[in-house]
Amino acid sequence: MTAAVERGPLRRGLDGLYFAGGVLGAIFLAATCVLILGNVGGSLLRVVTRSLDEFAGYCMAASAFLALAYTLRSGEHIRMTLILQSLPAILKRPAEALATAIGAVFAAFIAWYAIKLCWVSYTINDLSQGIIALPLWIPQSAMAVGSAIFAVAMLDRLVCVLAGWPVPEDQSDARTDR
């Protein structure tokens with residue numbers, strides 16, 4: 001990848017978006033921990049902690065979805081590198097492009113339906129069935145946003161693979177293999 005493409009405003013913006021998703025995912029993971037500890041501490045102190053486990057579940061889902069793109073960009077997703085390494089050099093790039101294209105289609109599918117689910121929940125005013133009736137579009141929005149960012153990251157990765165540009169997670173794999 002040329003220095004102009006690598007350091008351009010689009011690349012910086014996308015990487016910033018993925019990083020922001022990772023930071024939000026980490027915040028929601030910490031919130032999950034705090035809510036679970038609050039629930040356990042409350043039961044030890046015989047304090048009623050209503051719906052903390054429900055909110056911990058929402059935070060856990062938010063942390064998983066919001067961190068997807070950052071995890072992909074960091075090269076931490078499970079990939080089939082053993083298969084790619086065993087292929088002849090002429091087949092590696094087409095196989096990587098095919099796998100990334102399939103992943104991008106699935107990511108777009110998930111993003112589409114997560115956004116649709118969130119919208120339907122908003123329009124019909126769907127509420128959670130816990131003790132605290134929370135509008136479901138609120139926790140579902142983290143899933144919708146996270147899956148949309150992940151779909152953008154998969155498309156970004158596909159463009160890099162098809163153009164022959166180095167993909168950041170490939171560079172991190174090269175450092176760890178040595």
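The values are calculated or read from the model by the stated rules, or taken from the named source; none is laboratory data. Note that the structure is a prediction, hence the values are computed from the model and not measured. Positions of Cβ are backbone-derived with ideal geometry, glycine not excepted, and every protein chain shown enters the neighbour counts.
Here residue 163 meets each of (1) at pLDDT below 95; (2) buried (at least 19 other Cβ atoms within 10 Å of the Cβ); (3) among the small types (Gly, Ala, Ser) with one exception, condition (2). Of everything listed in (1) touching a helix residue (DSSP H, G or I) at 6+ places or on another chain (Cβ under 9 Å); (2) surrounded by fewer than 20 Cβ atoms within 10 Å (Cβ to Cβ), the single unmet condition for residue 44 is (1).
Looking at 110, 78, 115, just one residue is free of Cβ contacts under 8 Å to residues at least 40 places away in the same chain, under 19 Å from residue 18 (Cβ atoms) and surrounded by 14 or more Cβ atoms within 10 Å (Cβ to Cβ), and that residue is 115.
If you check residue 145 against the conditions, is it modelled with pLDDT under 95, crowded, with 18+ Cβ neighbours inside 10 Å and not in a loop (DSSP other than H, G, I, E, B)?
When the stated conditions are applied, residue 145 does not pass them.
Surrounded by 13 or more Cβ atoms within 10 Å (Cβ to Cβ), within 27 Å of residue 19 (Cβ to Cβ) and over 17 Å from the mean Cα position of the chain (by Cα), is that true of residue 100?
Working: surrounded by 13 or more Cβ atoms within 10 Å (Cβ to Cβ): yes; within 27 Å of residue 19 (Cβ to Cβ): yes; over 17 Å from the mean Cα position of the chain (by Cα): no.
Criteria not met by residue 100.
With respect to the conditions (1) crowded, with 16+ Cβ neighbours inside 10 Å; (2) under 27 Å from residue 151 (Cβ atoms), residue 123 falls short on a single one, namely (1).
Filter the range 55-74 for residues that are surrounded by fewer than 18 Cβ atoms within 10 Å (Cβ to Cβ), in contact (Cβ under 8 Å) with a residue 60 or more places away in the chain and of a type outside the set (Ser, Thr, Tyr) and give the result.
Quick first cut of the range 55-74, residues surrounded by fewer than 18 Cβ atoms within 10 Å (Cβ to Cβ) only: 57, 60-61, 64, 74.
Next, only the ones that are in contact (Cβ under 8 Å) with a residue 60 or more places away in the chain stay: 61, 64, 74.
Within the range 55-74, 61, 64 qualify.
Per the listing 82, 37, the residue uniquely modelled with pLDDT of 90 or more, aliphatic (A, V, I, L, M) and either more than 24 Å from the chain's Cα centre (by Cα) or over 19 Å from residue 164 (Cα atoms) (or both) is 37. A Cβ distance below 9 Å, combined with a sequence gap of six or more or placement on separate chains, defines the contacts here; from the range 25-49, residues that are closer than 16 Å to residue 146 by Cβ and touching a residue at least 40 places away in the same chain (Cβ under 8 Å) reach residues that are assigned to a helix (DSSP H, G or I) and among the β-branched types (Val, Ile, Thr) in the pairs 25/71. For the range 40-76, the set of residues classified as under 11 Å from the mean Cα position of the chain (by Cα) and either of a type in the set (Asp, Glu) or part of a helix (DSSP H, G or I) (or both) consists of 61, 62, 63, 64, 65, 66, 68, 69, 70, 71, 72, 73, listed by residue number.
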